[in-house]
Amino acid sequence: KELYLMDFDGGNIQRLTFHKGLVISPAISNDRKKIVYSLIKTDRSRGKRNVNLYIYDIKKNKSYLVSKYVGINSGAVFLPGDEEIVLTLSFKGNAEIYKMNLKNKKLKRLTNHWAPDVDPSVSQDGKNLTFLSGRPGRPMIYVMEILGLEKTLKRVSYVGQFNATPRFSPNGKKIVFSSWLDNRFDIFRINSDGLDLARLTKDFGSNEDPTFSPDGEFIAFSSQKILSKNRAVQNIYIMDKDGEILGPITKHFGNCLTPRWSK
């Protein structure tokens with residue numbers, strides 16, 4: 001899997017990386033000049049696979065390594081100003097959420113629990129953090145202040161067997177996420193305070209990785225359709241914020257997943 005960039009209507013597709021590995025969890029900077037992502041690739045010196053963090057500079061057309069702690073360096077998103085990121089690290093054994101300064105690589109730990117905390121998303125004003133946590137015994141969505149004050153921590157999702165990829169709306173009032181329910185993933189939307197749960201997809205394949213458009217009116221997501229016993233196809237679709245599906249924006253382009261909409 002490699003990193004690609006395209007217009008919101010599916011046009012002007014550009015391949016950005018040539019790692020010959022598995023590129024996952026991209027996020028675009030607020031100034032639209034950089035993309036942070038993770039790469040799963042075998043480290044020949046260690047003889048092991050590691051999940052390392054990279055940043056792709058769009059203007060320079062070049063990637064550089066940001067973090068290679070042992071274990072997970074993943075799920076990174078930019079904070080306002082693009083000088084810091086929030087990401088998941090597991091070099092201390094358990095997966096936790098950290099804040100990292102991109103210039104000096106200084107870390108600040110934001111979560112601290114025996115259960116894994118992963119896949120952060122930050123509100124546009126930089127004040128609040130949503131992420132997945134295994135604290136209930138399975139991954140569910142939590143919200144807390146970005147200062148890392150666990151006293152502000154609140155669980156907001158209770159739907160499905162487990163949840164994935166929570167993402168804030170531009171105004172920070174909504175969270176869109178996927179949930180494993182009825183033997184597939186579907187997209188849900190909920191208020192950031194845990195109220196007003198809405199199911200946005202049903203009987204439309206398996207749907208993951210939702211992301212809001214900059215104006216909050218649309219949601220891009222990946223959807224997998226089973227074509228036969230041995231064949232499936234996964235494409236990027238767009239729907240409005242209330243779940244009306246407008247159609248696919250990729251086609252005949254391999255399995256496409258994890259869309260992230262730039263501001």
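The values are calculated or read from the model by the stated rules, or taken from the named source; none is laboratory data. Predicted, not measured: the structure shown is a model, and the values here were computed from it. So basically every Cβ, Gly included, is an ideal-geometry build from the backbone, and we count neighbours across all protein chains shown. These accessible areas exclude ligands, DNA and RNA; they are computed on the full protein's heavy atoms, side chains included. Shrake-Rupley method; radii C 1.70, N 1.55, O 1.52, S 1.80 Å.
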Legend entry - Dipole magnitude of segment 36-122, debye to nearest 20 (Cβ charges: Lys/Arg +1, Asp/Glu -1, about Cα centre): 500
Legend entry - Spatial separation of Cα centroids for segment 195-221 and segment 117-154, in angstrom: 19
Inset, instruction - Lys and Arg at +1, Asp and Glu at -1: add these up for the other residues within a Cβ distance under 12 Å of ALA27 and post the number. - result: +2
Legend entry - Value in Å of the Kirkwood radius, where segment 106-206 supplies the Cα pairs that are averaged: 13.8
Inset, instruction - State the three equivalent ellipsoid semi-axes of segment 2-140, derived from the C-alpha gyration tensor as the square roots of 5 times its eigenvalues, in descending order and whole Å. - result: 24, 19, 15
Legend entry - Most to least accessible of ARG44, ARG167, ARG155 (protein chains only, probe 1.4 Å): ARG44, ARG155, ARG167
Inset, instruction - Would you rank TYR158, TYR37, TYR4 by solvent-accessible area, highest first, keeping every protein chain in place and using a 1.4 Å probe? - result: TYR158, TYR4, TYR37
Inset, instruction - Set Lys and Arg Cβ to +1 and Asp and Glu Cβ to -1, take the dipole of the chain about its Cα centre, and tell me which of LEU227, LEU102, SER121 lies farthest positive. - result: LEU102
Inset, instruction - Note the listed values [x] 139; [y] 184; [z] 156, then indicate which one is volume of the Cα convex hull per residue in Å³ calculated from this particular structure. - result: [x]
Legend entry - Relative contact order, percent, the chain [alpha-carbon distance under 8 Å, six or more residues apart]: 10
Inset, instruction - May I ask you to derive the relative contact order of segment 99-218, considering only C-alpha pairs under 8 Å and at least 6 residues apart, and to give it as an integer percent? - result: 17
Inset, instruction - Express the carbon and sulfur contribution to the solvent-accessible surface of the chain as a percent, rounded to the nearest whole number, probe 1.4 angstrom. - result: 50
Inset, instruction - Rounding to the nearest 20 debye, state how big the charge dipole of the chain is about its Cα centre with +1 on each Lys and Arg Cβ and -1 on each Asp and Glu Cβ. - result: 1280
Inset, instruction - Quick one: accessible surface of ARG32, probe radius 1.4 Å, all protein chains present, in square angstrom to the nearest 10. - result: 130
Inset, instruction - Whole number in Å², please: accessible area per residue of the chain, 1.4 Å probe, ligands, DNA and RNA not counted. - result: 51
